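The values are calculated or read from the model by the stated rules, or taken from the named source; none is laboratory data. What you are looking at is a predicted structure, and each value in this text was computed from that prediction instead of being measured. Don't worry about glycine lacking a Cβ; one is built from the backbone with ideal geometry, like all the others, and counts go over all protein chains shown.
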Amino acid sequence: MTSGSKEYLESISKHCYAQMTYYQFNTTTLKISDKYRAGRLKALNYVSELTYVYLQEEKKIEEVFQQNLVTQMKEHLCLLDDKEYKQGLYDTLNEVLNYKKQ
């Protein structure tokens, strides 16, 4: 998930919160039926929960990515015949594992 996706989800979450507040507490000023209000609130709650799930998944991406790099390294432990190839592979994967955001 890109930072753009994270911003998108956070924006939707804020929008849902504002709309839930609006529909939940404007019971006398809004000229809508109780069923319509309930439908709006149900949908807004669902979207809000869904954005939370995706934001939590976004937090795990870095960990999963690094786990995949380690798995790749483990799969090449048996490369005894081509030490230079193995060293190049390991150097690059270790470099990426230790990469810090700039």
Would it be correct to say that residue 5 is assigned to a helix (DSSP H, G or I), of a type in the set (Gly, Ala, Ser) and without any contact (Cβ under 8 Å) to a residue 40 or more places away in the chain? no
Is there any pair with a first residue in segment 29-51 that is in contact (Cβ under 8 Å) with a residue 12 or more places away in the chain and a second that is assigned to a loop (DSSP other than H, G, I, E, B) and aliphatic (A, V, I, L, M) whose Cβ atoms are under 9 Å apart and which are 6 or more apart or on different chains, and what are they? 37/30; 40/32
Flag for residue 47 being assigned to a helix (DSSP H, G or I), surrounded by 13 or more Cβ atoms within 10 Å (Cβ to Cβ) and not acidic (Asp, Glu): yes
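Every residue, every condition in (1) in contact with a Leu (Cβ under 7 Å, 6 or more places away or on another chain); (2) surrounded by 10 or more Cβ atoms within 10 Å (Cβ to Cβ), yes or no:
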{"position": "51", "(1), (2)": "yes, yes"}
{"position": "56", "(1), (2)": "no, no"}
{"position": "63", "(1), (2)": "no, no"}
{"position": "66", "(1), (2)": "yes, yes"}
{"position": "70", "(1), (2)": "no, yes"}
{"position": "83", "(1), (2)": "no, no"}
{"position": "87", "(1), (2)": "no, yes"}
{"position": "94", "(1), (2)": "no, yes"}
{"position": "98", "(1), (2)": "no, no"}
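Condition (residue is at pLDDT 90 or above and either touching a helix residue (DSSP H, G or I) at 6+ places or on another chain (Cβ under 6 Å) or of a type outside the set (D, E, K, R) (or both)) applied to segment 79-89: is it met by at least one residue? Write out each step before concluding.
Within segment 79-89, the first condition is being at pLDDT 90 or above, and the residues that meet it are 88.
After this cut, where a residue has to be either touching a helix residue (DSSP H, G or I) at 6+ places or on another chain (Cβ under 6 Å) or of a type outside the set (D, E, K, R) (or both) as well, the list is 88.
The answer is yes; a qualifying residue exists.
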